[in-house]
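A.B. asks: One structure follows; several queries about it will come next.
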Amino acid sequence: MIQFFVTMARTLSAVLLMAYACCALAQQAYPTKPIRIISPYPVGGGTGILARIVGQKLSEAWGQQVLVDNRGGGNTVIGTEAVAKAAPDGYTLLVPTGFHVISSHLIHTLSYDPIRNFAPVATIASYELILVAHPSVPASNLQALIALARARPGQLNYASAGSGGSGHLTVELLKIMTGISIQQVPYNGSGPALNDVIGGQVELFVNAPTSTIQHVKNGRLKAIAISGDKRLPALPQVPTFTESGLPGFDVMGWYAILAPAGTPKAIIDKLASEIARVLAMPDIKEMIVRQGLAPFISTPEQLGALMQADSAKWGKVIKTANIRLDN
């Protein structure tokens, strides 16, 4: 009997050593063939641009092609589903936005779970959102705007780049926190929405600063507040929501890299380490800032925690506002 347990112990030790050796080998050898990064958005969007910026540096470091595959459509479902069903070997990755983790709250027919079916790898970039108004709106700061909305319940309109998007949910959070009533006017993209706000057809808009800053500077729009925890260097005169009397209103958009669930930790860690190294490069920082974003370095664990927190936070907003995309 003693000999039996000794044999079992030796066998178990051998198995553990083999598993450790295989894990180390996978980390050392990976990648041995081209890597495909799927963007669940059409060509020309921010996800594809960021994937190419980072992918080029990964390709240079590892001597393997990193191909960006744009698969837009279906509210990101088509591209995301392809990664969820891919082999968990590190050769098929996803570059999502924060919409990824809230999609299950909006679309109840998903064939995958946005959190359980994916392994967090690393964040790439972050961005704040800016609340702007047409110059004709008789309010130049957040408290004045809230007072105006309360005096005219349901009469003010805000444009969104699409239902369920970051701009839409940010305004819904503002409505929940302040009790105001303003009406959404959804558009198919931020371009048409921005044009109608500039033209005065809609009073308000929440959008990423990239395409909005120039219109604030030339007076076509007036900036009310920025959603981050600090002011934008490009618009230092615009206060944050917290500075404007709404503490706890901190909204940050992000881009990241995910892998299929079950991808070996050694591969996840190697990807995360290399992406962090790439994001610290001065030329990469400059390219990302040029897109109106900020480099955002994190560990897989930190990204996982961010995904869980955002899912819980926005899930409550979606439920309270009764928003669905699959009605």
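A.B. asks: Determine ³J(HN,Hα), in whole Hz, for all residues of the stretch 132-141 in sequence, where each value follows from phi through the Karplus function 6.51 cos²θ - 1.76 cosθ + 1.60 and θ = phi - 60°; x replaces Gly and Pro.
C.D. replies: 10, 9, 5, x, 6, 5, x, 7, 10, 9
A.B. asks: Here's another thing I want to ask about it. Take Asp283 and Trp62, extend 7 Å from each Cα along the Cα→Cβ direction, and tell me the distance between the two endpoints in nm.
C.D. replies: 2.0 nm
A.B. asks: Go ahead and run the numbers for FRET between Asn322 and Ile297, Cβ-Cβ distance against an R0 of 41 Å, rounding to 0.05.
C.D. replies: 0.65
A.B. asks: Using unit Cβ charges (K, R positive; D, E negative) and no other charged atoms, how large, in debye to the nearest 20, is the dipole of the stretch 130-226 about its Cα centre?
C.D. replies: Result for the stretch 130-226 is approximately 200 debye, rounded to the nearest 20.
A.B. asks: Now for a separate question. Taking the Cα centre of the chain as origin, work out the dipole magnitude from +1 charges on Lys and Arg Cβ and -1 charges on Asp and Glu Cβ, in debye rounded to 20.
C.D. replies: Dipole of the chain, to the nearest 20 debye: 100 debye.
A.B. asks: Expected output is a single nm value to one decimal: the length gained when fully extending between Glu274 and Ser211, i.e. 0.36 nm times separation in residues minus the C-alpha distance. What is it?
C.D. replies: Computed gain between Glu274 and Ser211 is 19.7 nm.
A.B. asks: Using a Gaussian network model of the chain whose springs link C-alpha atoms within less than 10 Å, name the residue from Ala151, Ala256, Ala82 with the highest mean-square fluctuation.
C.D. replies: So, out of Ala151, Ala256, Ala82, the one fluctuating most is Ala151.
A.B. asks: Once both labels are modelled 7 Å past Cα along the beta-carbon direction, what's the Thr109-Asp229 spacing in nm?
C.D. replies: 4.0 nm
A.B. asks: Take every DSSP beta bridge whose two residues both sit in the stretch 130-226, then give the antiparallel share in percent to the nearest 5.
C.D. replies: So the antiparallel bridges in the stretch 130-226 amount to around 55 percent.
A.B. asks: To make sure I understand the rule: partners must be lysines, Cα under 21 Å from the Cα of Lys270, and not fewer than 8 residues away in the same chain. Which ones qualify?
C.D. replies: Within reach: Lys33, Lys57, Lys285.
A.B. asks: Another question about this same structure. Residue-wise, which Karplus ³J(HN,Hα) couplings in Hz belong to the stretch 43-54, taking 6.51 cos²θ - 1.76 cosθ + 1.60, θ = phi - 60°, and x for glycine or proline?
C.D. replies: 4, x, x, x, 5, x, 4, 5, 4, 6, 4, 6
A.B. asks: Rounded, prolate or oblate for the stretch 130-226? Axes are the square roots of the Cα gyration tensor eigenvalues, ordered a ≥ b ≥ c, and the cut-off for rounded is a/c under 1.5.
C.D. replies: Cα axes put the stretch 130-226 in the oblate bin.
A.B. asks: Run the simple label-point estimate for Arg52 and Lys313 please: 7 Å along Cα→C-beta, distance reported in nm.
C.D. replies: 3.1 nm
A.B. asks: Suppose the chain between Arg152 and Gln183 were pulled fully straight at 0.36 nm per residue; how much longer would it get relative to their current alpha carbon spacing?
C.D. replies: Gain on stretching Arg152 to Gln183: 10.0 nm.
A.B. asks: From the phi angles alone, apply the Karplus equation (6.51, -1.76, 1.60; θ = phi - 60°) to the stretch 102-115 and give each ³J(HN,Hα) in whole Hz, x where the residue is Gly or Pro.
C.D. replies: Working through the residues one at a time gives 9, 4, 5, 6, 9, 10, 8, 10, 4, 8, 9, 9, x, 9 Hz.
A.B. asks: Turning to a different aspect of this structure: Going toward the positive end of the dipole of the stretch 130-226, with +1 on Lys and Arg Cβ and -1 on Asp and Glu Cβ, which of Ala147, Ile180, Ala159 do you reach last?
C.D. replies: Towards the positive end, the residue furthest out is Ala147.
Since every read-out is calculated from the coordinates, none of them should be taken as a lab result. Please read all numbers here as calculations on a predicted model, not as lab measurements. In this analysis, Cβ positions are derived from the backbone assuming ideal geometry, glycine residues included, and neighbour counts consider all displayed protein chains.
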